[in-house]
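Read-outs: derived from the displayed coordinates by stated rules, not from any lab. These numbers come from a predicted model, not from an experiment. Neighbour counts are summed over all protein chains in view; Cβ atoms, including those assigned to glycine, are modelled from backbone coordinates with ideal geometry.
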Amino acid sequence: MERLAVVCLFLLTGAGTTSAEKKALQCYCERCANSSCTTDGSCYAVIQKRGSRLTVENPQCVQDYELVPRQRPFICAPLEIVGMYPLCCTTDYCNKEPYLGTLEPTVLTVAEGSDVALPCSPGTQEDIESKTIDWEKDDGQQEVFFYDAGVHHNNGQSGQSEQFKGRVSHFPDQLKHGNASILIRNVNVADSGAYTCFLTRLQTPQIFHIELVVGEFFRIKRSPFFF
């Protein structure tokens, strides 16, 4: 049974387009006529991560009545399946070729015991206070930080990996400017690895990749015989 009801857009010969149809959101739909569907709700797809490869799966329409609760629709919420991320967006065909980010990560090298900020900011500076931010490590094996419309790991949200509890925070005052970056305090060698920031409920969904390298840096003492 299909998970979602899909309303396909059929082009009827000689049929006119009503004003309501013109205002309807148009989405990409692989199974529909002309690969298109219309909705009064949201475009939908699932971003699937297999190793270093990201693909867009099951693009279709979600009707308005399916978006419940209104502020945090269940259908757009993160799945419990590792490596699969629902995408809900509200511009025409936004689920066809969403921005998945470059697979080449930003590399950050820091000393053990220091604090480090992992950057994640869409270029649109879209207000994300009511959106979802999902930071994961090593292809979803660890949940680093999760934020959903004001609810996050530091105020009641469950599911954070034990390794990061009490050490990760975000920048609340910067959310309205689109800043989804996080701060990890007192990093250690075990924190080294691949981090991914998922912003899948923006008008233009985006994904950012960070490679964090944590190590001991020794100060080289200058020999008195060298100048």
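Points to keep in mind about this one:
- Inter-label distance, nm, simple model (7 Å from Cα along the C-beta direction), Ser35/Glu97: 1.0 nm
- Converting phi to 3J(HN,Hα) with the Karplus coefficients 6.51, -1.76 and 1.60 and the offset θ = phi - 60°, segment 115-132 yields 9, 9, 9, 9, x, 7, 8, x, x, 6, 6, 5, 4, 10, 4, 9, 9, 10 Hz in sequence order, with x at every glycine or proline.
- The aspartates and glutamates whose alpha-carbon is closer than 17 Å to the alpha-carbon of Lys131, local same-chain residues fewer than 8 away aside, are Asp148, Asp173.
- Convex hull volume per residue in cubic angstrom - Cα atoms of segment 99-219: 102 Å³
- Additional length obtainable on full extension of the chain from Lys165 to Ala190, 0.36 nm per residue less Cα span: 7.6 nm
- With R₀ fixed at 22 Å, the C-beta to C-beta distance from Val213 to Gln174 puts the FRET efficiency at about 0.30.
- Loop GluC sites (Glu not before Pro), segment 108-166, which have at most 15 other Cβ atoms in a 10 Å radius of their Cβ (DSSP): Glu112, Glu129
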